[in-house]
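Taking it in order: structure first as C-alpha cells, then the write-up.
What follows is calculated from the coordinates using simple rules that are stated; it is not laboratory data. Worth saying up front: this structure is predicted, and the values here are computed from it rather than measured. Cβ placement follows ideal geometry from the backbone for every residue including glycine, while neighbour counts extend to all protein chains displayed.
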Amino acid sequence: MSAKLAGQQVSIAYGEQRIVENLDLIVPQRRFTALVGPNGSGKSTILRALAGLMAPTKGTILLDGRSIDILSTKEMAKRVGVLLQGPVAPEGLTVRDLVKQGRYPHRSLFGRWSAEHEAACEDAMMLTGTTTLADTPLERLSGGQRQRAWIAMTLAQQGEVLLLDEPTTYLDLAHQIELMNLITKLVRDHGKTVIAVLHDLNQAARYAEHIVMLKGGKITAAGRPEHVISEAAIADVFGVHSVIIRDPVAGTPLCVPL
Amino acid sequence: MICGFDTNDGKRLFVLLFLCCMLVGMSMWAVTLGMMRISPFTVWNALFSFDGSREHLLVTTIRLPRVLAGLVAGSALAVSGAIMQAVTNNPLASPGLLGINAGAAFAVVLMMTFFGAGTGDVYMWFAFCGAGCAALFVYALGSFGPAGHSTTGLILAGAIVATFLTALTSAVLIFDQSTLDAVRLWTAGSLAGRTTAQVAAVAPYILTGLIAAFFLARHLVTLSLGADAARSLGQNPMVWRAVAIAIVILLAGSAVALAGPIGFVGLIVPHIARLTVGVDYRWILPFCAIGGALLVIAADTAGRMVFASQSFPVGVTIALIGAPFFLWLARNRAGEAV
Amino acid sequence: MRLTTLLVVLLLGLVAASLALGDISLSWRDLLETLSGSPDATPQNAMIVFDLRLPRLLLALLVGAALATAGTIMLAVMRNPLAEPGVLGINSGAAAAVMAVIVLMPRPPVVLLPIAGFVGAVVMAAAVYLLAWRNGTSSLRIILIGIGLGALASAITTFLSAFGEIGDVQRAMIWLAGSVYEADMVKVRLLFFWLILPMAFAWISSRELDVIRFGDNSARSLGQPVDLVRGLMIVLCTLISGAAVAAAGLIGFVGLVAPHIASRLVGPSHARIFPVAALSGAILVMASDLLGRLALAPVQLPAGIVTALIGAPFFAYLLWGRQHARG
C-alpha cells in the first residue's frame, strides 16, 4: 500500500493562529480515506492544504512522492479534484454549464470543446445521477441535487484524487448512501483515491478503508476503521462515552454513545 | 449591562474617558487657535463673564459656534454611520448610502437656482428636507417594493437614488455658473461661518437622535445578526430597522444640513470603534459619538492651521487624514479569511 | 440569436435617427441621398452627416461598447453586483487629473485633457492593485482599497473645485460629466485601434471569467491561477475603460447596467454576455447622446448625465422586476 498523497512535517496557520503543527499524514493510494474529528480539529484546513489551496507555513505536501509546489495550479487540478463546503455559483448557471467548468484545467486558452470533453461531462453526470437535471439552473435544485451537481463537476476533472469536504451534508439518507456507494465504486472500479471529511463516525467506519482521527490539529490515530475506532479513542477525541459494537450488516465498528 | 464590571469593560471605559479628555482639550485648543491667538483664560472669561470686547466677540460669535458645529456634526455622522453598518450588515455602508448627501446637495442646488443664493439658515432647511426626502424614498423603495425585507434591496436602492440625484445636480450645475460658485464650498463640507443660532437649530434633533441611538444599541446587536436570526430571537426586524433608519435620517440629515455633505466620518469612525472596543454596539455608539466629534474638530483645526485659511473645507481634510488610516485598515484587516 | 438580431436592428435604427435628427433635421430621403453619395445631395447635408453627426455617433458607439465590456470584466472578477470600473478608482483618478490640469495650468491645450484623464485612471488603478496586493489579492480588499484611494482622489478634486477659478471649474465639470461633443474622425479611429486588441482579448478570455466568478477557492481548485487572471483582467479593464474615459469623460452607469442587462438576457456564459453587453452599452450611450441633444435643444445635455438619468430608473426596474419574478 503506497502513499498517493502525503504531508511531511506540515504546519498551517491563519495569520497568528496556528491550526496544525508538524503533522505527518499518509493517504494510501486507491483507497477511501476519511478525516474525522471534532469541530475545529483542523480537518478542513488539512484538506485545503492537501489540495494545494493553502500553502503550509512549514513542511511539504507530496503527490506521488513529489512536492506539489513544482506543479502549476492547472497541473494540480488535472490530477486532484476538490469540493469545498458551500460553493457558490452565479445565478442562472445550469448543471451542464457547471459540470463543463470541470474541464477547465484540460483546455488551453484557445482549446476547442471536443468530444472527449463532452464524454467526460456525460460520464460525470451519469455517475452522479444528474443527467436528467442537465438543463436546470442550479438555484432551482434541492440542496442534495445541487451537491451532486458540484460533485459531478469535480468528477469531470478526471483527476486520480478526489478531495471532498463534508460531502454528505444537505443530503437525505438515500442520497448519502448513494454518494458513499459512488465513492466506493470510484475507488474500486476507477482506481481513484478519495479523501473526505466526514462528520458521521459510523458512516466513515462503514465505508472508508482508512480513517485519520484528528484532535487539535494533531493525528491521534490512523489506520483501518476497526483499529482506529475504539471506546478510548472516542472518549479522548470527542469527550463522549460510548460502546463499540459490530455493525450487524457490514461487520464494521459501530459507535453507540452512552 | 447587569453582569458587573469586568476588566474588559474597565479598559473600554478608560479608552472612552481618555477620548473625552482629548475631545475637551482639542475643543479648547481649537477655540484658542486662529489669526489671533486667544488665551484659554480669555476664552473662559468670554463664556462666563462676557465684556463685549473684540476678543470675547470673536470667541462667542465665530470660534465657539464653529467648534460646536464640528462637535455635533461629527458625533451625529459617526453614530449614524455605525447604525447604517449594523442595519445593512455591510461594512461599506454609511449615511450617504441612504441618499442623504445626494438629496441634500440636490435640494440646496435647486433652491439656489430658483431663489438665488440665500443665507446659511435657508440652506440648512433645504438641505435637511432634501436629505430627509431622499432617505425616506430610498427606504420606501428598499423595503416596501417587491424586493422588500432584504438589506441588499436597501443598498441597491440607495445607490440608484444617489446616482440619479447626483446626475440631476450636475446637470444643473454645469449650466449655472453662479449656483456652482455659490454651492461649491458647501458641497465640500465646511464649518466656516456657522452661527450659534444654526447650531442651536439642529442641536435638539441631534441630541434626540443620539439619546434614541443609545437606547437602540442593544437592538442593533441583534439586528446585525441578520433578519432571520433577529426574528428567531423574537425581534421584529422590520420595526427596529425602521426605527434605526429614522434615527439615521434625524442625525445625518441634521449634520449634513449644518456642515454640508462630509462623507468619510460615517464610514471610518465606526470601523475604528469596532477595532478598539469590539462588536458590542453599546460600546461602539458612545465611542463613535466622541471619536467622530474629535476627528471633525481635529481635521477642521488642522485645515485652519496648515492652510491658514478659515474656509478650508473640512471634508477635504477629513479625507486626507482618514483615507490613509482606512487604507491601512483595509490592507491589514480585510480579506484575511478569503 | 434572435435577441442579438433585435439589438442590432435597434442599434441601426438609432444610427439612422442620430444621423437624421438634430438642430437641422434631414428627411429620410435627404439622408439616404447623402449617405449613398448621390449627386442630388447638398454639400451642406453632407457636411452635417459626415463631419458632425457620424463621428459623434461612432464615438458614442465605441465608448458605450468599451464601458460595457470593462463593466462585464469587473462584475465577474469582483463578484459583487455593484462592481464597475469605478471600483478601481478609474473615474476618481481621471477626475482628479483632469481637474488638476484645467485648474492649475494657465491655458492647457485641449489635447492634454484626454491624456491627463487616461494617465490619472491608469495610475489610480495601478495604485489600487498594488496596495491591495499582499501575498495575492482578494476582491474585497481591492474594493476597500479602491474606496479609500478614491476618497483621497475625490478630496483633491473637491479641493481644486472649491478654490479654482470658477470658469475653470465649470469647464472641468463639463468635461467630466461625460460627453461626445468633441468628436472627430481622428479620435474615433484612434479609439477604435486602441480598443480592438484588449476587447478581443477580453472576449477570448470568456472562459477564464466563467471560472473566476466561482470564487477564489473553487477557481483555484479547477486549476486557474487566480491572481494572474485577476491581474490580467484588471489590466484589460483599465486599458479599455481608461481609454473610454479619456475619449468621453465620465459616462457613468453604463459599465454597471449593461452587463446586468446582458446576463439577464443571455444567461451566465461570458462568451455570450460580452457581445450583448457591448451592444447594449453602445445603444445606451447613443440613445443618451441623442436624447441629450434633442431634449432641451439648443442646450445640449452631456451624455454622461443622461445615461445616469435613464440608466438609474431602468436599473431599478430591472432589479425590482427580477426579484418580483423570482417571487
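Dipole magnitude for the protein assembly as shown: about 820 debye, using +1 per Lys or Arg Cβ and -1 per Asp or Glu Cβ, origin at the Cα centre.
Note on segment A:136-258: the C-alpha convex hull projects to 8.9 nm² when averaged across all orientations. In segment B:23-163, the inverse of the mean reciprocal separation of distinct Cα atoms equals 17.8 Å; this is its Kirkwood hydrodynamic radius. Once you reduce segment B:233-248 and segment A:1-76 to the center of their Cα atoms, the two points are 46 Å from each other.
Model label points for residue C:115 and residue B:197, set 7 angstrom from Cα along the Cα-to-Cβ axis, are 5.4 nm apart. For segment C:151-189, the residues whose amide N sits under 16 Å from a probe point set 7 Å from the Cα of residue C:107 along the beta carbon direction are C:168. Taking only the alpha carbons of segment B:210-338, we obtain Rg and Dmax values of 16.8, 56 Å in that order.
The charge dipole of segment B:74-325, taken about its Cα centre with unit charges on the Cβ of Lys, Arg, Asp and Glu (plus for the first two, minus for the last two), comes to roughly 380 debye.
What residue among B:175, B:106, B:325 shows peak mean-square fluctuation when chain B is described by a Gaussian network model with Cα springs under 10 Å? Greatest mean-square fluctuation among the candidates belongs to B:175. Shielding of peptide C:266-277 by partners, expressed as the average count of other chain Cβ atoms within 10 Å per residue Cβ, is 2.
Applying the criteria of a DSSP loop state and at most 14 other Cβ atoms within 10 Å to the chymotrypsin sites (Phe, Trp or Tyr not before Pro) of segment A:50-157 yields A:110, A:113.
Relative intensity of chain A on a log10 scale, I(q)/I(0) at q = 0.07, 0.08, 0.13 Å⁻¹, equals -0.24, -0.32, -0.85, per a Debye sum over C-alpha point scatterers of equal strength in the absence of solvent. 3J(HN,Hα) along segment A:122-139, derived from phi through the Karplus expression 6.51 cos²θ - 1.76 cosθ + 1.60 where θ = phi - 60°, amounts to 4, 4, 4, 5, 5, 4, 9, x, 10, 4, 6, 9, 3, 9, 8, x, 4, 5 Hz, with x in place of Gly and Pro. Each label was represented as a point 7 Å from its Cα along the Cα-to-Cβ direction; for residue B:92 and residue B:114 these points are 3.4 nm apart. Here segment B:74-325 is treated as an ellipsoid with the same Cα gyration tensor; its semi-axes, largest first and in whole Å, are 29, 22, 15.
When only C-alpha pairs under 8 Å and at least 6 residues apart count, what is the relative contact order of chain C, in percent? After rounding, I find 29 percent. What is the calculated FRET efficiency for residue B:11 to residue B:35, with r their C-beta to C-beta distance and R₀ = 41 Å, to the nearest 0.05? My answer for the efficiency is 0.50.
Please sort through the DSSP H helices of chain C and keep those with an alpha-carbon extent of at least 15 Å along the long axis and a Kyte-Doolittle average not below 0.5. Helix filter hits for chain C: C:2-20, C:54-78, C:90-104, C:112-132, C:139-163, C:166-177, C:185-204, C:226-248, C:254-266, C:270-294, C:303-326. Model label sites at residue A:189 and residue A:240, defined 7 Å from Cα along the beta-carbon direction, differ in position by 3.3 nm.
Which residue fluctuates most in the GNM of chain B (Cα springs below 10 Å): B:239, B:296, B:279? Taking springs between Cα atoms under 10 Å, the residue moving most is B:239. Relative contact order of segment A:3-257, taken over Cα pairs closer than 8 Å and 6 or more residues apart, is 25 percent. From the largest down, segment C:2-326 spans 67, 54, 38 angstrom on the principal axes of its Cα atoms. Taking C:33, C:84, C:208 in turn, the Gaussian network model of chain C (Cα-Cα springs below 10 Å) assigns the largest fluctuation to C:33.
What FRET efficiency comes out for residue C:297 versus residue C:80 if R0 is 56 angstrom and r is the Cβ-Cβ distance? Round to the nearest 0.05. For R0 = 56 Å, the calculated efficiency reads 0.90.
Note on the protein assembly as shown: the C-alpha convex hull projects to 43.9 nm² when averaged across all orientations. The alpha-carbon of residue A:215 sits under 22 angstrom from the alpha-carbons of these lysines, leaving out residues fewer than 8 places away in its chain: A:43, A:58.
For the residues of C:252-261, the average number of beta carbons from a partner chain within 10 Å of their own beta carbon is 1.
Among the residues of A:103-111, the average count of other protein chain beta-carbon atoms within 10 Å of the residue beta-carbon is 3. Of the three principal axes defined by the Cα atoms of segment C:139-288, the extents in descending order read 56, 36, 27 Å. With contacts taken as Cα pairs under 8 Å at a separation of at least 6 residues, segment A:1-118 carries a relative contact order of 25 percent.
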